[in-house]
Structure formats: structure tokens, C-alpha cells
Amino acid sequence: MRRLIPVLLAAVTLSVAAQTSPPKLEPIPEPPPPPAGSLNESLEPQVTIVKRGEDKVEEFRMSGKLYMMKVTPPNGVSYYLLDNNGDGSWVRQDSRDSGLRVPMWVIGTF
């Protein structure tokens, strides 16, 4: 008898919970457009796709300065060439490489 009472109470609670209707939802209004002048096109990277031999090379430039290239060979895995210091010394980084990368941002240039 003691086991029957909790089972009956659970059945009654579930049936009452199933009978309640879901709340009426209203659509979310569209967000307002961004203010004029807030979108700075110069902060977007410029990507140029070049064919060198059989390789497809994607060049990434920020403010006209080349900082990264993605090289995709026809029968291989793509890899990246990065100019970390901005001095023209390129470092290869494989797309499968998951090593630790320290974030580096340019705060100001003089």
C-alpha cells in the first residue's frame, strides 16, 4: 500500500502537468541596423586568390600589408604561411597543427 500512494501521486501530477497549455509566444522583433559609421571597411581583411603553378594561394592583407597566405596544393592538405613579426620572414603552419598559439595583436603602429 505504501508503494502505491507515491505511484498514484506521480500519475496525478503528470496528468495535471500534461493538461496545462504552453504559454503563447510572441515573435522577437528585428534588431535595429547598426549606426552609421560604425562599420569600418578597413578592418576587414582583403583576400586575393592567385594560381601559382598548380597550387591555389589565398593572400590575406590588412591595410594593404600581406600577413598570411593559405596554400592549397592540388593533391595535398592545405597549409598556412604566416608573417608573425611583419618583417617578411614566413613561418609554415599546417592546418592539422594544434599547437599552442599565443595571441598577438598590433596595438599601435608609429
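Within the range 72-87, at least one residue is at pLDDT 90 or above and not in a strand (DSSP E or B).
Figure legend. Inter-residue proximity from the range 49-60: first residues in contact (Cβ under 8 Å) with a residue 12 or more places away in the chain, second residues in a strand (DSSP E or B) and exposed (fewer than 10 other Cβ atoms within 10 Å of the Cβ), beta-carbon distance below 9 Å, spacing 6+ or different chains. Indicated pairs: Val57/Lys51. Applying a threshold of 8 Å to beta carbon distances and a minimum spacing of six or more residues, or different chains, the list of pairs starting in the range 86-102 at a residue that is on the phi > 0 side of the Ramachandran plot and ending at one that is among the aromatic types (Phe, Trp, Tyr) and at pLDDT 75 or above reads Gly86/Tyr67.
In the range 1-20 there is at least one residue that is of a type outside the set (A, V, I, L, M, F, W, C), surrounded by 10 or more Cβ atoms within 10 Å (Cβ to Cβ) and at pLDDT below 90. Might you let me know whether the range 28-38 holds any residue that is surrounded by 10 or more Cβ atoms within 10 Å (Cβ to Cβ) and at pLDDT 80 or above? Within the range 28-38, not a single residue is surrounded by 10 or more Cβ atoms within 10 Å (Cβ to Cβ) and at pLDDT 80 or above. Could you list all residues from the range 40-61 that are among the hydrophobic types (A, V, I, L, M, F, W, C) and within 19 Å of the chain's Cα centre (by Cα)? Scanning the range 40-61 gives Leu43, Val47, Phe60. In the range 65-78, the residues that are farther than 24 Å from Thr109 by Cβ form Cβ pairs under 7 Å with partners that are basic (Lys, Arg) and surrounded by 15 or more Cβ atoms within 10 Å (Cβ to Cβ), at six or more places apart or across chains, as follows: Thr72/Lys56; Ser78/Lys70.
The values are calculated or read from the model by the stated rules, or taken from the named source; none is laboratory data. For clarity, every value in this text was computed on a predicted model and none was experimentally measured. Positions of Cβ are backbone-derived with ideal geometry, glycine not excepted, and every protein chain shown enters the neighbour counts.
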